[in-house]
Structure formats: structure tokens, C-alpha cells
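Below is one structure, written out as C-alpha cells; comments come after it.
The values are calculated or read from the model by the stated rules, or taken from the named source; none is laboratory data. Nothing here was measured: the structure is a model prediction, and the numbers come from that model. Cβ: placed from backbone, ideal geometry, glycine included. Neighbour counts: every protein chain shown. All accessible areas refer to the heavy atoms of the entire protein, side chains included, with ligands and DNA or RNA removed. Shrake-Rupley method; radii C 1.70, N 1.55, O 1.52, S 1.80 Å.
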Amino acid sequence: MKNKGYGLFTTIAMIVGVVIGSGIFFKSDNILVATGGNIGIGVIVFCIAAIAIIFGGLTIGELASRTTEPGGVIAYAEMCWNKRIACAFGWFMTFLYYPTLIAVVAYVAGIYLCMLFGINGSFELQILIGFIVIISVFFINAISAKLGGIFQSASTIIKLIPLAIIAFAGLAFGNVDVLTLGSMSEGINSTGWITAIAPIAFSFDGWTVSTSIGHEVKNSKKNLPRALIISPILILIIYILYFVGISIYLGPETIMKLGDEHVYLAARNIFGHFGSKILITFVVVSIIGTVNGLTLGMIRQPYSLAIRGMFPCKDKISKVDKKLYMPVNSAIVGFFISIFWLAVHYITTKSSIMGNSDISEISVAMSYLLYIILYVKVLKFGINKEIKSIFRGIITPVLAIIGALIIVVGSMSNNLFWVFMIICLSILCSGFVFGKRQEKLIK
């Protein structure tokens with residue numbers, strides 16, 4: 001894969017574009033439900049959850065500066081530990097993390113496309129639209145890495161428009177009195193706010209996707225760490241402005257009552273019926289941009305494993321099309337895995353198994369547990385003076401570990417946490433065993 005076409009802006013656009021674009025739009029109501037409608041506590045939890053992404057990005061950036069090998073966190077796990085742990089990482093990312101996020105966000109695209117065209121869409125129709133979105137995005141990225149990158153950059157710029165407009169309208173014309181509703185001390189003491197960590201973690205997630213294209217980034221040893229530092233700070237600022245803006249503009253009670261449809265109401269109130277259609281169009285592009293960014297990472301995961309001998313049919317999966325400069329077979333595998341999880345999302349949501357969450361939230365929590373393994377290695381670099389800066393080698397990884405643990409603990413409030421944790425562990429163990437077997441074959 002010699003197509004070194006991604007610059008610093010595209011890499012930042014990928015992180016910002018993947019993280020922003022879906023969760024903040026359809027998780028704001030979940031956050032307010034968890035905090036009892038208290039906006040102030042919501043902002044505090046945003047800042048707490050941001051610890052994981054800001055310091056996580058700084059810590060992973062240390063590893064990104066040490067290698068240009070393809071695979072992102074797979075390459076980092078192999079560099080820091082061994083092939084077995086790297087294989088476990090890769091299988092988790094390939095079979096659970098990326099595809100569950102793609103499935104859920106594509107479904108959300110279906111929700112907002114129905115809103116855009118005024119369709120009273122059934123759940124089945126929304127899933128069908130999500131299926132079409134997945135097909136389209138995988139096709140675009142499989143035939144052209146450059147085209148996928150261009151769409152990512154463009155969609156990132158577009159998605160900031162509705163966030164900025166709604167944030168400004170709320171802060172300028174909203175009812176600031178709602179900020180004082182509810183006691184902060186009582187809200188914090190109730191501990192119910194802890195359940196807000198899971199949806200916020202989802203809203204912040206996706207920042208490691210950029211590491212999967214690290215080997216395709218120009219001057220990656222400098223640009224990738226820069227992107228991992230700049231992006232999280234931008235995201236936190238944008239999130240807080242939007243969350244506060246939409247909350248004081250519509251009011252927490254209205255948002256909690258309407259759920260995902262609160263965005264359309266805000267857009268209609270600001271611009272009227274026609275103008276709201278334009279704003280919702282931006283939201284749709286934003287959400288599809290998130291699917292695109294996740295897909296950029298997903299189609300390279302089987303390839304990254306196959307070139308290391310960590311995936312079945314490695315010779316076919318590691319093949320790169322000479323004309324497209326893309327691992328097309330890897331993309332096909334990624335597509336079918338994503339479709340499988342879209343079906344699982346349909347079943348679990350239809351039967352109300354997940355309650356106020358979805359299939360992606362547990363895999364997000366598990367991913368942070370895995371990142372801790374990498375953070376610990378950076379901490380060891382700091383202790384051994386391989387990283388001379390105390391801030392970069394000690395303070396940053398320690399805060400990243402604390403942030404990751406906060407997200408994991410917050411996710412435990414989900415009734416099915418341990419069920420999904422077993423699923424996660426089974427995939428990790430399968431990858432570990434496969435990697436161990438391949439090591440023996442090589443020897």
C-alpha cells in the first residue's frame with residue numbers, strides 16, 4: 001500500500017469527523033436522562049470522559065511516533081508486547097469494535113434520512129437504509145482511498161455547521177435559567193450521573209481510527225501524534241458548546257421527551273420548515289461521514305492482521321489491488337462482518353434487550369481496557385527514562401489510565417455489561433489462541 005496521500009488536515013479531519021457526527025446528535029437525550037436533566041452535571045461528565053480521549057491521544061501519540069508499520073493499535077501492541085496480544089487486539093477491533101460502531105451509526109443515518117424526507121419510517125426501514133449506507137460507503141472506500149479521504153475532509157467541515165448554528169442559537173436565544181435547575185450537589189450525590197459516562201464515551205469514541213491509516217499518512221511520525229493531540233481538545237470544546245446550546249434552547253425536558261427527534265425540532269425552530277431540511281441535510285452528511293471514517297479503519301483491519309499471519313486465508317486477505325492500491329478482499333470481509341452486527345443490532349433493539357443503550361457501548365468500554373495495556377507500556381518508557389519528559393512519560397499515561405477506568409466503571413451500569421464482556425473476552429481469547437498457534441507454525 002504505497003499511496004501516501006493523507007496529510008495532517010485529513011488525519012485531524014478523520015479523528016474529528018469520526019468522533020463528531022453521530023453520538024453528539026443522538027446521545028444528548030441519553031445524557032440528560034442519566035443526569036436527571038441537569039445540564040451542569042452533563043458538562044462535568046463530558047470533561048471527565050474527555051480525560052480518556054485527551055490523555056489517551058497524547059499517550060498513543062508516543063507510540064505512533066515510534067513506528068510507521070500498518071495496523072494502528074495492532075502494530076503498537078506488537079511493538080510493545082508480542083504477536084499474541086497484538087492478534088487479540090486485532091480480532092477484537094475487527095470482529096467487534098469497528099463493525100458494531102459502523103452498524104449503529106449507519107442505523108442512525110437511517111433515522112435522520114427519514115426525518116429529512118418526512119418519512120414516518122419504521123424501525124425496519126431505518127435498518128434497511130443503514131444497510132444501503134454501509135454498502136455505499138464500503139464501495140467508495142474500496143475503489144479509492146483518495147476519494148474516501150476527500151469525503152472525510154469535506155464531511156468534517158460540513159458537520160461543524162449544524163453544531164455551530166445550534167450552539168450559537170442556544171447560547172444567544174436560549175433560556176439560561178434552565179442551567180440552574182436542579183441542585184449540583186444533590187445530582188452528584190445521587191450517583192445516577194455515572195450512567196451518563198457510557199453514552200458520552202460513545203460520543204467521544206473513534207479517535208483511534210486514524211492510527212489504522214498511520215502508515216498512509218505523510219510524515220506520520222510527526223503528523224499522527226500532532227493529530228492525536230489537536231483533535232481531542234477541539235472535540236471537547238465543540239461538544240460542550242453544542243450540548244449547552246441545545247439544552248438551553250429546547251430545554252432538558254423537551255429533549256428527553258423527544259429523544260433523537262429533538263435535533264429536527266431545534267432546526268425547525270431556528271430556520272422554519274425549509275431551512276430545517278437544509279440543516280438536517282448537514283446532519284445526515286455528518287453522520288455518514290462518521291460511517292466513512294470508521295470504514296476507512298475497518299477495511300484495513302483484516303489486511304493488517306493478514307500481513308502478520310494473524311488472520312485466516314492470510315494470502316488472499318493481504319492481497320492489495322495493484323490498480324486501486326487497496327486491500328479489496330480485506331474490505332469485503334469487513335463489509336460482511338459489519339452487516340452481521342447490523343443484524344444483531346436489529347434483533348437486540350427490536351426486542352428491547354439493550355434498554356437505553358445499544359450494542360456498541362460495551363465494546364467501547366472494552367476497548368479502553370485494552371488501551372490500558374498500551375498506556376502501561378508508555379508509563380514504563382517514562383519510568384525507564386526512555387521518554388525524558390515527566391509529563392509525557394509519567395503524568396500523561398497515568399491520567400490516560402484513570403480516564404479509561406472511569407469509562408469502564410461508568411459502563412458497568414448497563415444491565416448486560418457482563419454478558420457483553422464475556423462476548424468480548426471470547427473474541428480476545430480466540431485471537432490470542434490463533435496468534436499463539438501461528439507463532440508455533442512459524443517456529
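For SER430 paired with ALA154, estimate the spin-label separation in nm (one decimal), with each label point 7 Å from Cα along the Cα-to-Cβ line.
It is 3.8 nm.
For helix 396-411, report the angle its Cα long axis makes with the longest principal axis of the Cα atoms of the chain; keep it between 0 and 90° and round to the nearest 10°.
60 degrees
Provide the per residue accessible area, probe 1.4 Å, for region 19-66, rounded to a whole number of square angstrom. Each step should come with its number before you reach the end.
Numbers: 820 Å² over 48 residues.
That works out to 17 Å² for each residue.
Could you work out the relative contact order of the chain, using alpha carbon pairs under 8 angstrom and six or more residues apart, expressed as a whole percent? Walk me through the numbers before you get to the answer.
Values: 775 pairs, mean separation 151.5, N = 443.
Relative contact order comes out at 34 percent.
List the residues, sorted by chain then number, that are 5 or more residues from MET326 or on another chain and whose placed amide H is less than 5 Å from its amide H.
Those lying under 5 Å, H to H, from MET326 are ASP321.
Under a cut-off of 17 Å between alpha-carbon atoms, report the aspartates and glutamates in cross-link reach of LYS322, not counting same-chain residues fewer than 8 places apart.
GLU216
Quick one: if you stick a label point 7 Å off each Cα along the C-beta vector at ILE390 and ALA164, how many nm between them?
Roughly 4.1 nm, to one decimal.
How far, in nm, would the chain grow between TRP418 and ILE233 when pulled straight, counting 0.36 nm per residue and subtracting the alpha carbon separation? Intermediate results must be reported in sequence, preceding the final value.
Values: separation 185, 0.36 × 185 = 66.60 nm, distance 3.19 nm.
Result: 63.4 nm gained on full extension.
Per residue, what accessible area does region 67-157 have, given a 1.4 Å probe and all protein chains present, in Å²? Don't skip to the end; give the middle numbers.
On the way: 3010 Å² over 91 residues.
It amounts to 33 Å² per residue over region 67-157.
For the chain, what does -39500 (n - 2.57) per DSSP helix run (n ≥ 4), summed and divided by total residues, give at 222 nm, in deg cm²/dmol to the nearest 500?
The per-residue figure over the chain is -24500 deg cm²/dmol.
Using Cα positions and a limit of under 16 Å, work out the aspartates and glutamates in reach of LYS350, with same-chain residues fewer than 8 apart set aside.
GLU124, ASP358
With every protein chain left in place, what is the accessible area per residue of region 323-443 in square angstrom, probe 1.4 Å?
51 Å²
How large, in percent, is the carbon and sulfur part of the accessible surface of the chain at a probe radius of 1.4 Å?
Reported share for carbon and sulfur atoms: 68 percent.
For the chain, modelled as a GNM with alpha-carbon contacts under 10 angstrom, which of TYR107, TYR346, TYR97 fluctuates the most?
TYR346
Apply the a/c threshold of 1.5 to the C-alpha gyration tensor of the chain and tell me whether it is rounded, prolate or oblate. Write down the numbers at each step before the final one.
Values: a/c = 1.63, a/b = 1.35, b/c = 1.20.
Judged from the Cα gyration tensor, the chain comes out prolate (a/c at least 1.5, a/b above b/c).
Hey, which aspartates and glutamates would be in cross-link range of LYS377, C-alpha to C-alpha under 14 Å, not counting anything within fewer than 8 residues on its own chain?
By straight Cα distance, LYS377 reaches GLU62, GLU78, GLU386.
What relative contact order, as a whole-number percentage, does region 1-128 give when Cα pairs under 8 Å and 6 or more residues apart are counted?
13 percent
Kindly identify region 259-347 as rounded, prolate or oblate by the Cα gyration tensor criterion: order the square roots of the eigenvalues as a ≥ b ≥ c, call it rounded if a/c is under 1.5, otherwise compare a/b with b/c, prolate if a/b is larger, else oblate.
prolate
Of ILE383, ILE372, ILE238, which is the most mobile in a GNM of the chain whose springs link Cα atoms less than 10 angstrom apart?
Of the options given, ILE383 has the highest mean-square fluctuation.
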